[in-house]
Amino acid sequence: MFELSMYYYIAGCCVILLLAILVSFQVRRRKRERQQDRTLYISALQALLEGDEVGAFYKLKETVAQDTENIDAYLRLGKILANRGKIKHAIQVHNELLLRSNLSPFQKKAINRYLIDDYVLDNQTGKAINLLQSEFERDPSDVQTGVRLLELLGKENKWEEAEEISEKLYKRDRERFATVVADVKIRVGDLAEEGGKGRRARTLYKTAFHLDRTRIDTWIKVGDSYVTENRLEDAIRSWMHIVDSAPREAHLVFDRLKRALFEVGQFNQMAGIFERILEQDPGNPYAAVSLAELYEKKGNLSQAEEYYRQAVDSNPQFAQARLGLARLYRERGRIDEALKILEKLFVQQQQQQGAVRQQT
């Protein structure tokens, strides 16, 4: 009985020892395989760094064949396919990854980002936008995703959706996204104006200006919107905002002001507007030339000459001032002086054209 017990004991020990040896062998074998897989994967990454996509492709294929859990290798494999024009295949590779049930949130996000790039390359912008919207809703703090989403919405002219996204980004970083929101507001305002919603459009334009004070063009748009409703006095006040706050840009609304003031019977105010600009910005050639033209039409040629000269002195390259002065000299019989001005203007234009040709 004792001998039988010893037999079972020794047999059991042998079995345990054998199992331990087998387990140890399997562990060492798997460790060697992982090391080989890792070496192969690192070799693939090195090939990518060296610009060898073909070599990297085959090494990555071998990597995923040996290690199906290497998600990053699959992602890079799909990226190479996309880069080489096989977009549909890349989408398939990346989509199949999403079917796995053991993915971490980080891995899902990485796969989605590759898929977004795939869809953009394949002109499936709508699908890319849907993925980005899901990602941004899941994590509103992900500014990078929000910026990409905003970019694609803009390309698709989906400005009302872009407005909501831009406002969320603005709440995250007011300084960085103020101008972005302003641009989007202007786009939405344009759509509202086209749709006959002038009041909403003007609100959006004014909001855009408050977000970005450099966008004085918003006041041009506000004035134009009032014109469509035949509210000329309101339009004039909007354009005068540019005259008062940004006199150097006031020439952008000179023609609009002239037409509107003429319509309301107040065209004589134009001279006062040009003088007001010159008081704030004496070197403004647009205001000086416009004032000179008014005096020229009234027959006050000496006063007109003074303002044309003021414009030329402040900006010798301003062709409109030189032409006006030459025209005035011709009208007053000073032909030689007019020809000298025209000759200088011709030489100046030839030099400018030569400089442009050299740059191109």
Condition met for residue 271 (closer than 18 Å to residue 247 by Cα, part of a helix (DSSP H, G or I) and either small (Gly, Ala, Ser) or touching a strand residue (DSSP E or B) at 6+ places or on another chain (Cβ under 9 Å) (or both)): yes
Picking from 135, 163, 151, 167, which residue would you name as being at pLDDT below 95 and either in a helix (DSSP H, G or I) or within 17 Å of residue 212 (Cβ to Cβ) (or both)? 135
Give the range 84-99 a look and list any residue that's modelled with pLDDT under 90 and of a type in the set (Lys, Arg), or say none. 84
Filter the range 108-139 for residues that are out of contact with any helix residue (DSSP H, G or I) (no Cβ under 6 Å at 6 or more places or on another chain) and not polar (S, T, N, Q) and give the result. 108, 109, 110, 113, 117, 126, 137, 138, 139
Among the residues of the range 272-309, write down those that are touching a Phe, Trp or Tyr at 6+ places or on another chain (Cβ under 8 Å) and small (Gly, Ala, Ser). 287, 288, 290, 292, 304
Would you pick out the residues in the range 114-155 that are of a type outside the set (A, V, I, L, M, F, W, C), closer than 24 Å to residue 95 by Cα and within 16 Å of the chain's Cα centre (by Cα)? 144, 145, 146, 148, 151
Test: residue in the range 264-287 that is modelled with pLDDT under 90, on the phi > 0 side of the Ramachandran plot and not charged (D, E, K, R): no
Among 185, 197, the single one that is of a type outside the set (S, T, N, Q), crowded, with 16+ Cβ neighbours inside 10 Å and at pLDDT 95 or above is 185
Looking at residue 333 and the list (1) over 30 Å from residue 202 (Cβ atoms); (2) among the small types (Gly, Ala, Ser); (3) surrounded by 15 or more Cβ atoms within 10 Å (Cβ to Cβ); (4) out of contact with any Leu (no Cβ under 7 Å at 6 or more places or on another chain), which single condition is not satisfied? (3)
Scan the range 306-314 and give yes if some residue there is of a type in the set (Asp, Glu), in contact (Cβ under 8 Å) with a residue 24 or more places away in the chain and closer than 25 Å to residue 269 by Cα, otherwise no. no
Here is a check on your reading of the model: is residue 228 among the hydroxyl-bearing types (Ser, Thr, Tyr) and loosely packed, with under 15 Cβ neighbours inside 10 Å? yes
Would you check if residue 218 is part of a loop (DSSP other than H, G, I, E, B) and under 19 Å from the mean Cα position of the chain (by Cα)? no
Can you run down the residue pairs with Cβ atoms below 6 Å, 6 or more apart or on separate chains, where the first is in the range 45-67 and assigned by TED's automatic domain parsing to the domain that holds residue 80 and closer than 13 Å to residue 79 by Cα and the partner is surrounded by 15 or more Cβ atoms within 10 Å (Cβ to Cβ) and small (Gly, Ala, Ser)? 48/56; 56/44; 56/47; 60/44; 60/73
Just one listed residue, out of 256, 276, 330, is part of a helix (DSSP H, G or I), over 30 Å from residue 228 (Cα atoms) and among the charged types (D, E, K, R), and it is 330
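The values are calculated or read from the model by the stated rules, or taken from the named source; none is laboratory data. Since the structure is predicted, the reported quantities are computational estimates derived from the model, not experimental observations. When we count neighbours, we look across all protein chains shown, and the Cβ atoms used for this are built from the backbone with ideal geometry, even at glycine.
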